[in-house]
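Enquirer: Please find one structure pasted underneath; my questions will follow.
Each value in this text was obtained by applying a stated rule to the coordinates, not by laboratory testing. Keep in mind it's a predicted model, so treat the numbers as computed, not measured. Every residue, glycine as well, gets a Cβ built from its backbone with ideal geometry; the counts of neighbours run over all protein chains shown.
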Amino acid sequence: MWIPIKTLYLNELKVQDELNRRGEETFIPMCYEAPELTPREELIKYPLVPAVHNLLFIHKQYDRKWCDNLKKELDYPINFIKSTSDAVDFATIKDEEMDVFMKVCSPEHFGTKYKTLDELNAKAGMLVRVKKGALEGIVGKFVRYQKRHYIAIETAGICALMTIRYSDVEVI
């Protein structure tokens, strides 16, 4: 199980370092800090940076008491994301869903964009499955955003948009 965490003041890398020192497994979606027109082979010249600031995920069995203690113990302010605004417990993500999200968020997939659900709400599309390529078998929503086609994979209120051709997907 994965638990999404919001940090403040762009401290996601510092929080990740502290959690990793405690032996916790974490994940931050990363991307190359490069202009969009940079050829793929030139990406290694650019540093990897968080793709979505103030967001990280921790691989942990959900325990509300542990979450509350972590907030008190860390040197940096954090908040746990709730599944809904009126929920008592924090959001969790199943391992299988997170595996798909992590695969899609790989910085090796050049051109991935990250948007909130609100930004994509009016652009919701049909459910599709990728039928060939590195993302074969992944299921997501086929969307058009800024005149391009993407497959949108959503978790914890963030969507990873992977560039995709319509011919590479099948409607479910």
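Enquirer: How much mean residue ellipticity at 222 nm does the chain get from its helices, if each DSSP H run of length 4 or more adds -39500 (n - 2.57) and you divide by all residues, to the nearest 500 deg cm²/dmol?
Expert: -5500 deg cm²/dmol
Enquirer: Could the peptides 150-158, 65-73 be put in order, highest first, of the mean number of other beta-carbon atoms found within 10 Å of their residues?
Expert: 150-158, 65-73
Enquirer: Continuing with this model, one more query. Taking 30 Å as R0, compute the FRET efficiency from the Cβ-Cβ separation of M1 and M126 and round it to 0.05.
Expert: After rounding, the FRET efficiency stands at 0.55.
Enquirer: Now for a different question. Which label marks the calculated value of volume of the Cα convex hull per residue in Å³, given the options (1) 170; (2) 116; (3) 136?
Expert: (3)
Enquirer: Charges at C-beta only: +1 for Lys and Arg, -1 for Asp and Glu. How large is the resulting dipole of the stretch 1-93 about its Cα centre, in Debye rounded to 20?
Expert: 260 debye
Enquirer: What are the ³J(HN,Hα) couplings of the stretch 77-92, residue after residue, when phi is run through the Karplus curve with 6.51, -1.76, 1.60 and θ = phi - 60°? Round to Hz, x for glycine and proline.
Expert: x, 9, 9, 8, 7, 8, 5, 9, 4, 9, 6, 8, 8, 7, 5, 9
Enquirer: What size of dipole, in debye to the nearest 20, comes out for the chain about its Cα centre when the only charges are +1 on Lys and Arg C-beta atoms and -1 on Asp and Glu C-beta atoms?
Expert: 480 debye
Enquirer: Among the listed pairs K103/K131; K65/K115; K6/K71; K14/K71, which are separated by more than 19 Å between their Cα atoms?
Expert: Flagged as over cut-off: K65/K115.
Enquirer: If I take every Cα pair under 8 Å that is 6 or more residues apart in the chain, average their sequence separation and divide by the length, what percent do I get for the relative contact order?
Expert: It rounds to 22 percent for the chain.
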